[in-house]
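The values are calculated or read from the model by the stated rules, or taken from the named source; none is laboratory data. On a predicted model such as this, the values are computed, not experimentally measured, just so you know. Cβ: placed from backbone, ideal geometry, glycine included. Neighbour counts: every protein chain shown.
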Amino acid sequence: MRKSLLLFAVAAITLALPPLLPERQLSVYILLGLAATVTAGVSLLMGYAGQVSLGQAAFYAIGAYAAGLLAVHGAPSLIGLLLAPVAAAVAAVLLGAPLLRLRGHHLAFATLAVQLILLSLLGQGTWAGGAIGLQGIPRLSLFGAELRDDIGYAYIVWAVLAVVLLISRNVVASRSGRALRAAATSETAAAASGVPVGGYRLAVFALSAAFAGLAGGVYAFYLGYLAPGSFPVLLSIEFVVMAVVGGLGTIAGPLVGAAVIVLLVQLLNSLGTQPGMPSYAPSVLSYAVYALLLIAAVRYMPQGIVPTVRRFFPRSSTAGASSTTQPSSTAGSSSTDGPFRAGGSSSTAGFVPGGESSVAGVSSTAGFVPGGESSAAGTSSTAGLVSKDGSSPAAGPESADRGSSAGRPGVGKERSSTERPSSAPDSLEERA
Amino acid sequence: MSDFLGYLLTGLGIGAGFALVGSGLVAIYRVTGVVNFAQGAFAVLAAMLTSTLLTAGLPHVLSELAAVAVAAVVGVLVGIVAIGKPGTDPGTSLIITLGLGVFAYAVEIVLWGDQPRSFPGLPGVATVGGARIQAHYLLILGVTVPVFLALAAFFSRTDLGKALSACASNRYAARVVGIDVRRMGLLAFALGGALGGLAGVLTTPVQQVTFDSDVTLIVNGFAAAVLGGLTRPGVALVGGLLLGVAQTLIAGYGWGAYQLEVALLLMLTVMIVQAARSGPVREAAR
């Protein structure tokens, strides 16, 4: 109840805000919304498919250039905006088919490589304006009315972000969302229980690219000018920072992460451009903020802002969910390996309940209680299956000697043994 | 023919730089399982520092050695942040080193500004078999090859090197026989920092360095290292040299604009082929 109230409050405030903001702040509002839209995709990919993409800005660029090129060549701008996510998703499917065989740091570098290749090609392609950039993109016109003012774009961005968050919520709460989470924690176990892991992973990759492409399309019409320099590698890293800081695998995380970082950088920017500050101050401050926030979040708040805050307000979700959330999310945060499945059995057990709690929380927001109930039960049964796999004799020795690498085998075992009883009653309780 | 020889030698010189960055990655990855994204920053930092020391009047060899030593210390600091907290898994550490790489941007801009920097290397032009190349490329090769030989000897002959190799092959067993795996991890980061720094000070006289040239360095270094599955320094050397020669040949024969693409496509192909050969399910190996 309190959750849906919060949701309405956030929606009302963000809708009421644009007319009250001066021009300069309005552009911050728009860019924040676009960043949150892309970050929603990154969060989905990292939190639910367990993969790091350091090239998300490439899909942002593909969407932007698709919309921009179509508009420049005379296509109606609405068509351009709608085709932007399609172009990005198609590119993601074509690239993902070979690339998603890779995992972990290999995939991270592969996506980074894709972005570098794309930037280099865009910089040389005269058809795309080359290094100078694509100029003269008309403004967006909807049903004959041309959007000239920033305020129109602010509402477009609001609608885009709302659609994207709604889609992510539905994906997460769906059967395929559960399957994805299972695959992120243990691919073997998921595949063994009949999840088409490769296909789902490709689908999430394409979906996250589509989000980025849609944001890129709006960006193209908003700025009216695109250059390869607008999509640096650092932008991809920014999206990762926002996703990690906000909280991977949560619905509100991307919005919170993007808001925190964009506003903080804006604040420091105005601080850095004060008279008397050296000319390099703004860029130095923003680099430092990205770096320190990312490191602090990963080390001290591995689940991100949203789940951490939620833990302090357990009553904000339904009573049933909170009683199960409390112990499991504490257990999850004690292991530093939130989004990644590289650890031993302990981390898999720790991560799934965390994700599950967010699902329970979200479904209660929307108020479809029967569906929410069954999906939570479904997830916990997956969790049971996963932790069984982690401790199975076949996987045991291997993961003991390599998986728990960074730490101490003794503590790792201790952790998992304290955790398993806590997660087992959870699932029993929820199934009952 | 002399053109070809010239491109070949230049390429070997550039490739040696990639190989050094790549071997730094390998040194760290073997022992800790972490792919250090801040590896390129070591090179940039050392190069910038060398230029400052040279302007301050220090003689050549001394400034370079000092910069490499500082890079090693920075390596340890990166290691402390990245793997210092027990139980940090490699994926998380990768994200932390990513953050440290961005943090290095801030430090570098404050200390050295955002303009490209360079400093003079070995002056003069050498003639090898009719090909005239900058003598500095020969210096790069002349330093890199002994460094790799010393690395090989270090890993196979000394106790410390053997302890590092032990952590690399089986961390659990290494702990059982009393090797402090975390200290070895930090040592590996120091080694990685020194190798990265060496790459920076060696290649900067022939290639300018800016605060954000670490992306190119790390990607090329990773491409060199991934050929050997990120675990074999010798293969990283071969991979780096091949990459350097390929890029120089492409640039030399008129496709200069596409040299980065070729290197990256090569890396992607190698990784995809490796993934296809080892099969889709490899989670136990992580």
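Taking the criterion of being in contact with a helix residue (DSSP H, G or I) (Cβ under 8 Å, 6 or more places away or on another chain), at pLDDT below 85 and of a type in the set (Gly, Ala, Ser), the residues of segment A:131-154 that qualify are A:131, A:133, A:136, A:141.
Look at (1) assigned to a loop (DSSP other than H, G, I, E, B); (2) over 30 Å from residue A:179 (Cα atoms) and you find that residue A:251 fails only one, number (2). Of the residues B:104, B:46, B:72, B:27, the single one that is among the hydrophobic types (A, V, I, L, M, F, W, C) and within 12 Å of another protein chain (Cβ to nearest Cβ) is B:104.
Checking the stated criteria, residue A:215 turns out to be surrounded by 24 or more Cβ atoms within 10 Å (Cβ to Cβ) and outside any loop (DSSP other than H, G, I, E, B). Restricting to segment A:123-144, give me the number of residues that are under 15 Å from residue A:64 (Cα atoms), touching a Leu at 6+ places or on another chain (Cβ under 9 Å) and not in a loop (DSSP other than H, G, I, E, B). Summing the residues that are under 15 Å from residue A:64 (Cα atoms), touching a Leu at 6+ places or on another chain (Cβ under 9 Å) and not in a loop (DSSP other than H, G, I, E, B) in segment A:123-144 gives 3.
Among the residues of segment A:43-64, those that are within 12 Å of another protein chain (Cβ to nearest Cβ) and closer than 17 Å to residue A:172 by Cα comprise A:46, A:50, A:51. In this structure, residue A:98 qualifies as farther than 17 Å from residue A:239 by Cβ and within 13 Å of another protein chain (Cβ to nearest Cβ). Residue count for segment A:12-63 under the criterion of being at pLDDT below 90 and in contact with a strand residue (DSSP E or B) (Cβ under 9 Å, 6 or more places away or on another chain): the result is 0.
Taking segment B:38-113 as the region of interest, none of the helices (runs of 4 or more DSSP H) fully inside it holds 3 or more residues being acidic (Asp, Glu) and free of Cβ contacts under 8 Å to residues at least 40 places away in the same chain. Remark: pairs (first residue in segment B:256-275, at the interface with chain A (Cβ under 7 Å from one of its Cβ atoms); second residue among the hydroxyl-bearing types (Ser, Thr, Tyr); Cβ separation under 6 Å; 6+ apart in sequence or on different chains) = B:260/A:120; B:261/A:120. Does residue A:291 meet the test of being under 18 Å from residue A:35 (Cα atoms), of a type in the set (Gly, Ala, Ser) and either free of Cβ contacts under 8 Å to residues at least 24 places away in the same chain or part of a helix (DSSP H, G or I) (or both)? So residue A:291 fits the description; yes. Within the span defined as segment A:184-201, one or more residues are part of a helix (DSSP H, G or I) and loosely packed, with under 15 Cβ neighbours inside 10 Å.
For segment B:239-269, taking the residues that are surrounded by fewer than 16 Cβ atoms within 10 Å (Cβ to Cβ) and modelled with pLDDT of 85 or more, the one that is farthest from residue A:122 (Cα to Cα) is identified as B:269. Applying the condition of being crowded, with 24+ Cβ neighbours inside 10 Å and outside any helix (DSSP H, G or I) to segment A:221-240 and asking which residue is farthest from the chain's Cα centre (by Cα) yields A:226. Which one of A:164, A:245, A:157 is modelled with pLDDT of 85 or more, within 14 Å of chain B (Cβ to nearest Cβ) and buried (at least 23 other Cβ atoms within 10 Å of the Cβ)? Of the residues listed, the single one that is modelled with pLDDT of 85 or more, within 14 Å of chain B (Cβ to nearest Cβ) and buried (at least 23 other Cβ atoms within 10 Å of the Cβ) is A:245. Applying the selection to segment A:121-138, what residues are in contact (Cβ under 8 Å) with a residue 60 or more places away in the chain and either over 20 Å from residue A:75 (Cβ atoms) or facing another protein chain (nearest Cβ under 10 Å) (or both)? Of everything in segment A:121-138, those that are in contact (Cβ under 8 Å) with a residue 60 or more places away in the chain and either over 20 Å from residue A:75 (Cβ atoms) or facing another protein chain (nearest Cβ under 10 Å) (or both) turn out to be A:123, A:131, A:132. Regarding segment A:123-130, can at least one residue be identified that is at pLDDT 85 or above, surrounded by fewer than 24 Cβ atoms within 10 Å (Cβ to Cβ) and among the aliphatic types (A, V, I, L, M)? Checking segment A:123-130: not a single residue is at pLDDT 85 or above, surrounded by fewer than 24 Cβ atoms within 10 Å (Cβ to Cβ) and among the aliphatic types (A, V, I, L, M).
Taken over segment A:101-119, the residue count meeting the criterion of being more than 7 Å from chain B (Cβ to nearest Cβ) and over 20 Å from the mean Cα position of the chain (by Cα) is 2. Residue pairs whose Cβ atoms lie under 8 Å apart, sitting 6 or more positions apart in sequence or on different chains, and linking a residue in segment A:261-280 that is within 21 Å of residue A:240 (Cβ to Cβ) to a partner that is at pLDDT below 80 and surrounded by 11 or more Cβ atoms within 10 Å (Cβ to Cβ), do not occur here.
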